[in-house]
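The values are calculated or read from the model by the stated rules, or taken from the named source; none is laboratory data. Remember, predicted model here, so these are calculated numbers, not experimental data. Neighbour counts run over all protein chains shown; Cβ positions are idealised from the backbone, glycine included.
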Amino acid sequence: MNPRCGIPFKSMCAILLSLLSGLMLSAGFPKPAMFYLAWVALVPLLLAIRGGSGKQAFALGYLCGFVHSLTSLYWIDYAVYHFGGFSLALSGLILLLLCLTMGVYQAVFALVARKLDSSPRLYVFGLPFVWVSLEWLRAFMISGFPWANLGYTQTPLIHLIQVADITGVYGVSWLVVLGSTVTAGFGAHFCRRGGPAVLAALILCVLVYGFWRSGRLEAMQHLRTAVNVSVVQGNISQDEKWDRTVLNKTIDIYGRLSTEAAKAKPVPDIIVWPESAMPFYYGLNHGLSGKVDRIVKSNGVPLLFGTLGVAPSGGRLHLLNNACLLDGGAKFLGSYAKQHLVPFGEYVPWVSLFHFVQNASVGPVDFVPGKNPGPLNLKGLPMGVLICYEDIFPRIARQSVRRGAQLLINITNDAWYGDTSGPYQEFEISRWRAIECRVPLARAANTGISALIDATGRTCASLPLDKRGFLTCALYPMSYLSFYVKYGDLFAWFCVFVTLCIITYRLFGPLCFKKAPGGHGVHQPENVRQQGG
């Protein structure tokens with residue numbers, strides 16, 4: 001079949017191609033982490049919509065996006081069903097509604113792709129800008145959910161992704177989508193020389209930059225004073241975490257592991273426990289707080305740990321998702337409260353409509369966001385804290401580093417996800433914050449994956465999922481402000497600008513160049529028309 005004629009929308013072939021694109025997009029993420037598929041994942045969709053109408057393209061794109069969301073975010077159903085207190089049917093409905101919403105982004109992309117079908121250069125080089133604009137929009141819509149950005153599929157290619165300290169993850173997303181548009185354009189017999197040449201040149205430039213930047217950073221790191229960081233992974237199951245009868249057991253587990261870490265080599269300068277490792281009100285519950293203090297004093301090593309706090313809001317007390325920092329003598333040095341809360345997990349939006357969520361949830365859902373972005377200071381070392389899925393929001397890490405943080409610490413509780421792809425996906429995402437901000441990152445997760453990551457995104461050491469233990473590694477705090485830290489999502493904004501220009505051109509360009517009945521331009525001056533006649 002001639003690719004210029006497209007594939008009929010009603011044919012099963014077009015539908016199967018859209019489904020294939022959705023599956024290939026998901027396959028690039030952990031698991032199974034087939035990152036190479038991401039470079040051509042959109043080709044089946046682009047072939048499916050050629051020659052069809054705008055409505056058909058939108059529908060096929062929507063199908064692709066829905067399948068992609070369903071197969072990459074299926075772990076949400078696991079979390080809601082097992083720990084949200086909902087029935088299997090209701091948890092499935094929640095996932096379904098989310099996927100139906102997420103599918104809109106790919107639908108819009110497919111619609112724009114169809115409109116650019118007759119403009120080969122805009123099709124090949126313009127569509128990546130459209131894709132990035134939609135990813136960037138998703139980071140802010142309805143609380144924001146920048147989880148499955150396509151650039152994250154390339155995390156295994158450590159030198160390729162070093163460009164994130166300039167463009168953020170969006171630059172890699174742009175490059176990966178260009179792989180699909182160039183391939184689709186080649187198959188459709190346009191830009192057969194220019195497209196592949198530009199793609200190859202850009203990949204080469206990005207790789208050269210990656211090797212150069214990695215080498216420079218490795219040299220810079222070893223000029224800094226090392227900080228030995230220990231992270232403890234208690235591996236406390238989610239159904240036990242909020243059980244008040246096992247609190248003392250939980251404290252004992254973290255205490256024993258911390259003592260082992262304090263006696264091991266290298267001796268840690270700080271020990272980190274995960275999010276809500278101590279699920280009580282530290283400082284208010286004096287009995288349990290005293291047990292934590294005794295552990296710290298016994299080891300003589302500063303401790304950063306997750307706990308609960310309270311804050312007045314709206315005339316009553318609300319919860320805070322806190323991280324507290326103690327020195328080696330258990331002196332309180334400061335706290336950080338989570339700023340970006342999880343909808344329905346930590347607070348209920350539109351509470352009058354979803355009031356039943358508060359009664360069904362296993363954990364508390366009455367949190368309010370913290371107001372102080374930090375960083376916390378330990379003996380002259382400023383540390384930025386990211387709690388739970390704050391690590392998927394680059395702006396929070398950027399804000400902390402701009403305020404002076406030389407080390408990022410991500411404490412999280414991924415027990416919600418079980419043994420799904422969720423913990424693996426979030427672990428890969430968190431590594432990008434170290435690359436973008438050019439500071440090392442320590443990650444302490446309740447059930448995993450805990451890790452220590454340097455400023456190039458390389459993992460010094462890690463603990464696998466569902467394993468109890470600790471690990472210690474030397475990290476090198478950095479005070480280098482990357483381009484991305486200074487200027488933020490400048491590349492994403494540029495993509496938005498280009499996308500608006502493309503849309504404007506497609507809407508109004510034909511009017512500007514419309515021919516008059518005599519074959520002359522409608523805006524041609526009178527004297528020019530006379531000369532032409």
Legend entry - Single condition Q425 does not satisfy, out of (1) touching a residue at least 40 places away in the same chain (Cβ under 8 Å); (2) in contact with a helix residue (DSSP H, G or I) (Cβ under 6 Å, 6 or more places away or on another chain): (2)
Inset, instruction - Would you check if there is a residue in the range 113-126 being within 22 Å of V169 (Cβ to Cβ), in contact with a helix residue (DSSP H, G or I) (Cβ under 6 Å, 6 or more places away or on another chain), aromatic (F, W, Y) and not in a loop (DSSP other than H, G, I, E, B)? - result: no
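Look at the range 387-407 and say how many of its residues are under 16 Å from E275 (Cα atoms), out of contact with any helix residue (DSSP H, G or I) (no Cβ under 6 Å at 6 or more places or on another chain) and of a type outside the set (V, I, T). Write out each step before concluding.
In the first step, residues of the range 387-407 are kept if they are under 16 Å from E275 (Cα atoms); the result is 387-392.
Subsequent filtering for residues that are out of contact with any helix residue (DSSP H, G or I) (no Cβ under 6 Å at 6 or more places or on another chain) retains 387-389.
Retained after the next criterion (residues that are of a type outside the set (V, I, T)): 388-389.
Residues that pass the stated criteria total 2.
Which ranges mark the helices (runs of 4 or more DSSP H) fully within the range 36-94 that have 3 or more residues being within 15 Å of G22 (Cα to Cα)? Steps first, answer last, please.
Details: elements: 43-49, 54-72, 75-83.
Filter on the range 36-94 gives 43-49, 54-72.
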Inset, instruction - Filter the range 216-254 down to residues that are in contact (Cβ under 8 Å) with a residue 40 or more places away in the chain and assigned to a helix (DSSP H, G or I), then give me how many there are. - result: 12
Legend entry - Qualifying residues in the range 80-94 (those that are surrounded by fewer than 20 Cβ atoms within 10 Å (Cβ to Cβ) and among the aliphatic types (A, V, I, L, M)) - the one modelled with the highest pLDDT: L93
Inset, instruction - Pull up the range 27-79, narrow it to residues that are within 18 Å of L97 (Cα to Cα) and among the polar types (S, T, N, Q), then point me to the one that is surrounded by the most Cβ atoms within 10 Å (Cβ to Cβ). - result: S69
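So that you can scan it fast, the table gives a plain yes or no per residue for (1) at pLDDT 85 or above; (2) closer than 21 Å to R398 by Cβ; (3) of a type in the set (A, V, I, L, M):
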{"position": "L96", "(1), (2), (3)": "yes, no, yes"}
{"position": "G103", "(1), (2), (3)": "yes, no, no"}
{"position": "L122", "(1), (2), (3)": "yes, no, yes"}
{"position": "G126", "(1), (2), (3)": "yes, no, no"}
{"position": "S143", "(1), (2), (3)": "no, yes, no"}
{"position": "Y152", "(1), (2), (3)": "yes, yes, no"}
Inset, instruction - Please enumerate the residues belonging to the range 441-476 that are in contact with a Lys or Arg (Cβ under 6 Å, 6 or more places away or on another chain) and either of a type in the set (F, W, Y) or not in a strand (DSSP E or B) (or both). - result: A455, G457, Y476
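Any idea how many residues of the range 432-449 are surrounded by 24 or more Cβ atoms within 10 Å (Cβ to Cβ) and under 22 Å from F35 (Cβ atoms)? Please lay out each step first, then the result.
Residues of the range 432-449 surrounded by 24 or more Cβ atoms within 10 Å (Cβ to Cβ): 432-448.
From the residues that got through so far, the ones that are under 22 Å from F35 (Cβ atoms) too are 432-436, 441, 443, 448.
Number of matching residues: 8.
Any idea which of L204, L100, L157 is assigned to a loop (DSSP other than H, G, I, E, B) and surrounded by fewer than 17 Cβ atoms within 10 Å (Cβ to Cβ)?
Values: L204 fails: assigned to a loop (DSSP other than H, G, I, E, B); L100 fails: assigned to a loop (DSSP other than H, G, I, E, B).
Exactly one of L204, L100, L157 is assigned to a loop (DSSP other than H, G, I, E, B) and surrounded by fewer than 17 Cβ atoms within 10 Å (Cβ to Cβ), namely L157.
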